[in-house]
Amino acid sequence: MLSRDQHPVSRQFMSSSALKVLYRLNKGGYDAYLVGGGVRDILLGLKPKDFDIATNATPEQIKALFRNCRLIGRRFRLAHIVFGREIIEVATFRGHHDSASDKDQQDIKTSKQSEDGMLLRDNIYGSIEEDAERRDFTINALYYSAKDFKVYDFANGVKDVENKIIRLIGDVETRYREDPVRMLRAIRFATKLDMEIEAQTKAPIKTLAPLMANIPAARMFEEFLKMFIAGKAVANFEQLRDYHLFKFFFPAVDQALDNNDELLERFIILAMENTDKRINNDQRVTPAFLFAAMLWYPLQNYIKQININNSLSPQDTFFAALNEIMPEQQRSIAIPKRFQGVMKDIWILQDKLAHRVGKKAFKAFEHPKFRAGYDFLLLRSEIESDNTQLAELAQWWTDFQDVSPEAQLQMVKGIKGEQSRRRTPRKRRKPTTTFSTE
Ligand code: ATP
Ligand code: MG
């Protein structure tokens, strides 16, 4: 335990909502602590992403104290206290003998799984010491009290924060078997906090990696966001590949990388670098862009395969390939429909941007996802550096956005070698890019 003057965790770094929840619980006669990333990040001088609270009040008791409270989850119930856009998650201390609960909790947080019909066990709740043992890493088992301003450290987490060490609490293999996502979390905290994974915590990961196959696709989507849409995509990608964990996100990509597909590797790394840069500059990103990039070359391979055996129109070929690749990917990561739509738009735009005569350029320009499609085209041209046609096309669109409408008309008129096409192609054509969508 560290007293007030022995640690830098001060209320000025906490959100006022989190403090309100702590005070209200204390006033109601309960123990309440800030726990997890909230304490860890403040110790490190970082700004916490969110604030989690642990208490000895039961979910019902928490609910009775707050009007803005929702209880979520089936077995292990959590309270969400809602302050506008900020949600403070309040969990009752967990007891022992509750090995499934971490996974359970996460499933509930991230997806609507089917009811498992498990009964609430009496010992599901516990003391703060038991709660600390159920947490994943020592650095995440630090508790701050707004009553005595002390930091309670049950697992030597402060020392590990200081030495920048990611160390699982308890028997390593057991903890990974209970919840294989902890393997991902070890990597994520190591890259995010610039820490080392301690030897024993690191040792079994490769061997236990196959356990990841049982993680529901909805939870994998949440983990995808934390891994790849949080400013550290490239570092996480490299670690995930090293530990043989990447294939649980993108099996087709992983396979291609194993076969030394350098073009694909350069392309996805560039896409991840772009994403990281944007996030670190506080620019908006859509996960759909990275999904589209990950699957672009695998999609092209499907298109090639389909073209060998069939003589479908480019459009039909595209949709046939889509029908192969999307369900396959969905088995790993449940990509929400709205992002699937944007992925498709980005891909379809690659063809639309290549056909510019008549009104086509203007139509493509007005497409709601034009910007993403254009950025994607730039990325492709950067990677396929020997494809001069693609480079010219990218440059053309860069210029097009820069000039007056009259000049745009002139640009369209100046296009050579691109004929306006029939609506229904009669015979099989070799498309310059990929497919036709008309
Ligand atoms: P961040 O929010 O910055 O990603 P965090 O440590 O706050 O990091 P959360 O996912 O918000 O991580 O979880 C909050 C806390 O809950 C963690 O610090 C940890 O103590 C506990 N926890 C979360 N997931 C697990 C898990 N799979 N197994 C055990 N404990 C977990
Ligand atoms: Mg958190």
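The values are calculated or read from the model by the stated rules, or taken from the named source; none is laboratory data. Predicted, not measured: the structure shown is a model, and the values here were computed from it. Positions of Cβ are backbone-derived with ideal geometry, glycine not excepted, and every protein chain shown enters the neighbour counts. For the accessible areas, the whole protein counts, side chains as well, though only heavy atoms, and no ligand, DNA or RNA atoms are used. Shrake-Rupley method; radii C 1.70, N 1.55, O 1.52, S 1.80 Å.
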Inset, instruction - Considering only residues that are in contact with a strand residue (DSSP E or B) (Cβ under 7 Å, 6 or more places away or on another chain) and in a helix (DSSP H, G or I), look in the stretch 1-36 and name the one that is most open to solvent (accessible area, probe 1.4 Å). - result: N26
Inset, instruction - Kindly check whether there is at least one residue in the stretch 42-62 that is assigned to a helix (DSSP H, G or I) and within 14 Å of ligand 1 (Cβ to nearest atom). - result: yes
Inset, instruction - For V161, state whether it is open to solvent by less than 40 Å² (accessible area, probe 1.4 Å) and either touching a Cys at 6+ places or on another chain (Cβ under 8 Å) or within 16 Å of ligand 2 (Cβ to nearest atom) (or both). - result: yes
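Matching residues to (1) open to solvent by 10 Å² or more (accessible area, probe 1.4 Å); (2) of a type in the set (D, E, K, R):
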site: L240; (1), (2): no, no
site: M272; (1), (2): no, no
site: D276; (1), (2): yes, yes
site: Y297; (1), (2): yes, no
site: T317; (1), (2): no, no
site: P327; (1), (2): yes, no
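Which one of these is among the β-branched types (V, I, T), at pLDDT 95 or above and open to solvent by less than 50 Å² (accessible area, probe 1.4 Å): I62, I108?
Details: I108 fails: at pLDDT 95 or above.
After applying the criteria, what remains is I62.
Checking the condition within 14 Å of ligand 2 (Cβ to nearest atom) and either on the phi > 0 side of the Ramachandran plot or of a type in the set (D, E, K, R) (or both), which residue from D52, D31 passes?
Values: D31 fails: within 14 Å of ligand 2 (Cβ to nearest atom).
One residue alone meets the criteria, D52.
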Legend entry - First in the stretch 171-185 and at negative phi and in contact (Cβ under 8 Å) with a residue 12 or more places away in the chain, second anywhere and among the acidic types (D, E) and assigned to a helix (DSSP H, G or I), Cβ under 7 Å, 6 or more apart: E178/D102; D179/D102; V181/E223; L184/E223
Inset, instruction - Please enumerate the residues belonging to the stretch 65-84 that are in a loop (DSSP other than H, G, I, E, B), open to solvent by 50 Å² or more (accessible area, probe 1.4 Å) and either touching a residue at least 40 places away in the same chain (Cβ under 8 Å) or more than 16 Å from ligand 1 (Cβ to nearest atom) (or both). - result: R67, N68, R74, G84
Legend entry - Top-ranked residue of the stretch 255-267 - restricted to ones that are touching a helix residue (DSSP H, G or I) at 6+ places or on another chain (Cβ under 9 Å) and free of Cβ contacts under 8 Å to residues at least 40 places away in the same chain, ranked as most open to solvent (accessible area, probe 1.4 Å): Q255
Inset, instruction - Those residues that are open to solvent by 60 Å² or more (accessible area, probe 1.4 Å), in contact (Cβ under 8 Å) with a residue 24 or more places away in the chain and under 28 Å from N387 (Cα atoms), I need them from the stretch 329-356; list them, please. - result: K352
Legend entry - Residue selected from the stretch 357-374 under the condition free of Cβ contacts under 8 Å to residues at least 24 places away in the same chain and part of a loop (DSSP other than H, G, I, E, B), by the criterion farthest from P287 (Cα to Cα): K359
Inset, instruction - Check E89 against each of (1) open to solvent by 30 Å² or more (accessible area, probe 1.4 Å); (2) within 16 Å of ligand 1 (Cβ to nearest atom) and name the one condition it does not meet. - result: (1)
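Okay, residues lined up against (1) within 26 Å of Y302 (Cα to Cα); (2) open to solvent by less than 30 Å² (accessible area, probe 1.4 Å):
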site: P210; (1), (2): no, no
site: N214; (1), (2): no, no
site: A217; (1), (2): yes, yes
site: M220; (1), (2): yes, yes
site: F228; (1), (2): yes, yes
site: G231; (1), (2): no, yes
site: L245; (1), (2): yes, yes
site: F249; (1), (2): yes, yes
site: V253; (1), (2): yes, yes
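Kindly indicate the residue of the stretch 124-160 that is part of a helix (DSSP H, G or I) and in contact (Cβ under 8 Å) with a residue 40 or more places away in the chain and also nearest to ligand 1 (Cβ to nearest atom) among those meeting that condition. Please lay out each step first, then the result.
So the first thing to find is which residues in the stretch 124-160 are part of a helix (DSSP H, G or I), and the list is 124, 128-134, 138-140, 157-160.
In the following step, the residues that additionally are in contact (Cβ under 8 Å) with a residue 40 or more places away in the chain were identified as 124, 128, 131, 134, 139-140, 157-158.
Details: I124: 15, I128: 12, D131: 9, R134: 6, I139: 8, N140: 3, G157: 10, V158: 14 Å.
Across the stretch 124-160, the extreme among qualifying residues is N140.
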Legend entry - Criterion: among the small types (G, A, S), assigned to a helix (DSSP H, G or I) and either free of Cβ contacts under 8 Å to residues at least 40 places away in the same chain or under 22 Å from M212 (Cα atoms) (or both) - qualifying residue of A320, A288, A292: A320
